[in-house]
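Asker: Got a structure for you, written out below as structure tokens; questions coming shortly.
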Amino acid sequence: MSDELDQADAPFLDALRDYHGRDRYGFSPPGHRQGRGIDADTLAVLGKDPFRDDVLESGGLDDRTSSNGYLPTAEALMAQAVHADTVFFSTCGSSLSVKAAMLAVAGVDGGIIMPRDAHKSVTAGLVFSGLQPYWVTPRFDTDQHISHPASPEDYRAVWQEHPDAAGALVVSPTPYGTCADIEGIAAVCHEFGKPLIVDEAWGAHLPFSELLPTWAMNAGADVCVTSVHKMGLGFEQGSVLHLKGDLVDHDHLWACADMLMTTSPNVLIYAAMDGWRRHMVRDGAGLIRSAVDLADRTRDRIEAIDGIHVLRDELLGAEASHQLDPMRMLLDVHELGITGYQGLDWLREHHRIDLGLSDHRHLGIDISVADDAFTTDRLVHGLESLAASASELPRSPEVRIPDPSKLLLESVVTPRRAFFGECENVPAEEAAGRIAAEQATPYPPGVPAYVPGERLTAEVIDYLRSGLEAGMVLPDPTDGSLGTIRVMVE
């Protein structure tokens, strides 16, 4: 099929145009009938177009047997564009895609090597699958209190300890924009004859410019998961699973993804991914070059603001990261005397600016190919205003972050056993020493402080409770205030 593909095609977009041109109508889901039944108040906000384009994929956009092959053609076009052997589209986000990859590689009774600072979707995959995690310790910056990707040598040490592991997983780029040495880690995995999964949710744009960090499929990864909505131009929930080589059974991975995915995929998400791929093949290199230039200029302007420092050199080096995404910035606002939580809330309230990441001292900024001088001027003006007003903000309670060694908890049982076993809720003051039966994930960036199966410590509990007082959000514990914690009954 690849010889017949034309990257100028966008099968989903063409099919939608044809669907409307033929004036098709269905007595089938979705029940809104292309917006005919939607009330005026809803239409006043959403407009009719989203409903007009929300049609069934099979038995609507395509016929009941999907004989036109819109989905496999769009997936083949994406694979060709990003140098993968095979790709699968998902409308359920990379949270599902990474779980499917883990199941396909390791099944439900194997072990998998992964970094302890993986996203909550990865640790949730451990719960669903029953896999035994073999943790790779990330590299901690004890000044900034952030973690960086582990090195190939770190992975080799864990492989030597657990040579029977089914595969390994790495998160790159991290939520902070730092990137692992994927080529080196993949080489180590392949020495052991095992595959590497890359959770590259923040890297959908990487294949389309040499100005960006190394793309996982070009670095020897066997499976790569991307979120098109993060640094691409697709809708939320759009995700792509990429495969290369023969260490992972492509058919089995598809079956794992198919069993987890919805049987009612949203055509809007598919069509946006399809159009974005064509757009990037045609215009991506130039758009990304302009975005990188814009990010560089914006970075310099922000660095000139008293009290705000844009981290860069601190994020690179032997004890930190292999590469940085130049379209993303991590700001340190500690000298302003405020937390990142306060900074984000202030910008939202006073300048109607939202940012994707905040923590005890940082703000994260992502520059998209959609940004321009107007949007970045607004950002810089907001940050200048924040710096001028920071002294008026109340002092935030201190987030008591323990030494990195205290953040690495003992794994006692598998996450699945802890999560589905007999549990009870106990006061947080009594939870130290008990085995967690839930995970607690400061969000963003979405890295669990503890996962099911780990023995809780007073230091980690104190860290999270002090973080909540300072503005941290914990969306996943049973008790979001952490007054009580769900633990195993032993």
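The values are calculated or read from the model by the stated rules, or taken from the named source; none is laboratory data. Everything numeric here is computed off the predicted structure, so don't read it as measured data. All Cβ positions, glycine included, derive from the backbone under ideal geometry; neighbour counts span all protein chains shown.
Asker: What is the residue count in segment 341-382 for residues that are within 24 Å of the chain's Cα centre (by Cα) and surrounded by 16 or more Cβ atoms within 10 Å (Cβ to Cβ)?
Answerer: Qualifying residue count, segment 341-382: 23.
Asker: Before we move on, is Asp283 more than 18 Å from Ala76 (Cβ to Cβ), under 19 Å from the mean Cα position of the chain (by Cα) and either at pLDDT 95 or above or assigned by TED's automatic domain parsing to the domain that holds Thr376 (or both)?
Answerer: In short, no.
Asker: So, in segment 362-397, exactly how many residues are of a type in the set (Lys, Arg) and either modelled with pLDDT of 95 or more or in a helix (DSSP H, G or I) (or both)?
Answerer: Narrowing segment 362-397 to residues of a type in the set (Lys, Arg): 378, 395.
Filter again for either modelled with pLDDT of 95 or more or in a helix (DSSP H, G or I) (or both), leaving 378.
Final tally of qualifying residues: 1.
Asker: Scan segment 401-450 for residues that are in a loop (DSSP other than H, G, I, E, B), small (Gly, Ala, Ser) and closer than 26 Å to Asp199 by Cα and jot them down.
Answerer: First, pick out the residues of segment 401-450 that are in a loop (DSSP other than H, G, I, E, B): 401-403, 408-410, 412-414, 421-422, 431-434, 437-439, 441-449.
Then drop every residue that is not small (Gly, Ala, Ser), which leaves 421, 431-433, 437, 446, 449.
Residues satisfying the conditions are Ala437, Gly446, Ala449.
Asker: Going through Thr226, Thr178, Thr174 one at a time, which residue ends up being more than 11 Å from Asp325 (Cβ to Cβ), touching a strand residue (DSSP E or B) at 6+ places or on another chain (Cβ under 9 Å), touching a residue at least 40 places away in the same chain (Cβ under 8 Å) and not assigned by TED's automatic domain parsing to the domain that holds Val369? Let's see the steps before the verdict.
Answerer: Values: Thr178 fails: more than 11 Å from Asp325 (Cβ to Cβ); Thr174 fails: more than 11 Å from Asp325 (Cβ to Cβ).
Thr226 is the lone residue from the list that is more than 11 Å from Asp325 (Cβ to Cβ), touching a strand residue (DSSP E or B) at 6+ places or on another chain (Cβ under 9 Å), touching a residue at least 40 places away in the same chain (Cβ under 8 Å) and not assigned by TED's automatic domain parsing to the domain that holds Val369.
Asker: If only one of Asp246, Asp274 is over 19 Å from the mean Cα position of the chain (by Cα) and crowded, with 22+ Cβ neighbours inside 10 Å, which one is it?
Answerer: Details: Asp246 fails: crowded, with 22+ Cβ neighbours inside 10 Å.
Sole residue among the options that is over 19 Å from the mean Cα position of the chain (by Cα) and crowded, with 22+ Cβ neighbours inside 10 Å: Asp274.
Asker: Report, by residue number, each residue of segment 304-315 that is part of a helix (DSSP H, G or I) and surrounded by 14 or more Cβ atoms within 10 Å (Cβ to Cβ).
Answerer: Going residue by residue through segment 304-315, those that are part of a helix (DSSP H, G or I) are 313-315.
Across segment 304-315, the qualifying residues are Glu314, Leu315.
Asker: I've got another one for you. Among the residues of segment 251-271, how many are of a type outside the set (A, V, I, L, M, F, W, C) and crowded, with 21+ Cβ neighbours inside 10 Å? Please lay out each step first, then the result.
Answerer: Start the filter on segment 251-271 by keeping residues that are of a type outside the set (A, V, I, L, M, F, W, C), which leaves 251-252, 258, 262-266, 270.
Now drop any that are not crowded, with 21+ Cβ neighbours inside 10 Å, which leaves 270.
Number satisfying all stated conditions: 1.
Asker: Tell me yes or no: at least one residue of segment 213-229 is surrounded by fewer than 24 Cβ atoms within 10 Å (Cβ to Cβ), within 21 Å of Ser368 (Cβ to Cβ) and polar (S, T, N, Q).
Answerer: There is at least one residue in segment 213-229 that is surrounded by fewer than 24 Cβ atoms within 10 Å (Cβ to Cβ), within 21 Å of Ser368 (Cβ to Cβ) and polar (S, T, N, Q).
Asker: Are there any pairs, at least 6 apart or on different chains, whose C-beta atoms fall under 6 Å, with the first in segment 57-86 and in the same structural domain as Asp222 (by TED's automatic domain parsing) and the second acidic (Asp, Glu), and if so, which?
Answerer: Pairs that qualify, where the first residue is in the same structural domain as Asp222 (by TED's automatic domain parsing) and the partner is acidic (Asp, Glu), are Asn68/Asp62; Tyr70/Asp62; Ala74/Asp274.
Asker: When the residues of segment 1-45 are filtered to those that are in a loop (DSSP other than H, G, I, E, B) and small (Gly, Ala, Ser), which remaining residue is surrounded by the most Cβ atoms within 10 Å (Cβ to Cβ)? I'd like the intermediate steps shown before the answer.
Answerer: Going through segment 1-45, the residues in a loop (DSSP other than H, G, I, E, B) turn out to be 1, 5-10, 22-39.
Then keep just the ones that are small (Gly, Ala, Ser); that gives 8, 10, 26, 28, 31, 35, 37.
On the way: Ala8: 9, Ala10: 22, Gly26: 14, Ser28: 11, Gly31: 8, Gly35: 18, Gly37: 11.
Among those that are in a loop (DSSP other than H, G, I, E, B) and small (Gly, Ala, Ser), it is Ala10.
Asker: Here's another thing I want to ask about it. Can you find even one residue in segment 401-413 that is in contact with a Lys or Arg (Cβ under 8 Å, 6 or more places away or on another chain), over 30 Å from Leu355 (Cβ atoms) and surrounded by fewer than 18 Cβ atoms within 10 Å (Cβ to Cβ)?
Answerer: yes
Asker: From the list His350, His279, which residue is farther than 30 Å from Asp14 by Cα, assigned to a helix (DSSP H, G or I) and not aromatic (Phe, Trp, Tyr)? Before you say what the answer is, go through the steps one by one.
Answerer: Numbers: His279 fails: farther than 30 Å from Asp14 by Cα.
Selected residue: His350, the only one of His350, His279 that is farther than 30 Å from Asp14 by Cα, assigned to a helix (DSSP H, G or I) and not aromatic (Phe, Trp, Tyr).
Asker: Still on this structure: Of the residues in segment 194-231, how many are in a loop (DSSP other than H, G, I, E, B), among the charged types (D, E, K, R) and within 17 Å of the chain's Cα centre (by Cα)? Steps first, please.
Answerer: Narrowing segment 194-231 to residues in a loop (DSSP other than H, G, I, E, B): 194-195, 200-205, 209-215, 219-222.
In the following step, the residues that additionally are among the charged types (D, E, K, R) were identified as 194, 200, 210, 222.
Remaining after also requiring within 17 Å of the chain's Cα centre (by Cα): 200.
Number of matching residues: 1.
This table checks each residue for (1) aliphatic (A, V, I, L, M); (2) surrounded by fewer than 20 Cβ atoms within 10 Å (Cβ to Cβ).
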| position | (1), (2) |
| --- | --- |
| Gly107 | no, yes |
| Ile113 | yes, no |
| Ala118 | yes, no |
| Pro149 | no, no |
| Ala168 | yes, no |
| Tyr176 | no, no |
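Asker: Now for a different question. Among the candidates Arg278, Arg348, Arg328, Arg299, which residue alone is modelled with pLDDT of 95 or more and within 30 Å of Arg52 (Cα to Cα)? Can you show your working first?
Answerer: Details: Arg348 fails: within 30 Å of Arg52 (Cα to Cα); Arg328 fails: within 30 Å of Arg52 (Cα to Cα); Arg299 fails: within 30 Å of Arg52 (Cα to Cα).
It is Arg278.
Asker: If I ask for residues that are in contact with a strand residue (DSSP E or B) (Cβ under 7 Å, 6 or more places away or on another chain), surrounded by fewer than 17 Cβ atoms within 10 Å (Cβ to Cβ) and without any contact (Cβ under 8 Å) to a residue 60 or more places away in the chain, which ones from segment 317-334 would you list?
Answerer: Residues satisfying the conditions do not exist here.
Asker: Specify which of the listed residues (Ser385, Ser411) is closer than 24 Å to Ile308 by Cβ, outside the structural domain of Met114 (by TED's automatic domain parsing) and polar (S, T, N, Q). Explain how you work it out, then say what you get.
Answerer: Numbers: Ser411 fails: closer than 24 Å to Ile308 by Cβ.
Just one listed residue meets the conditions, Ser385.
Asker: Can you name every residue in segment 454-467 that is buried (at least 19 other Cβ atoms within 10 Å of the Cβ) and among the aliphatic types (A, V, I, L, M)?
Answerer: Leu456, Val460, Ile461, Leu464
Asker: What number of residues within segment 166-175 are outside any strand (DSSP E or B) and not small (Gly, Ala, Ser)?
Answerer: Filtering segment 166-175 down to residues outside any strand (DSSP E or B) leaves 166, 172-175.
Then keep just the ones that are not small (Gly, Ala, Ser); that gives 173-175.
Residues that pass the stated criteria total 3.
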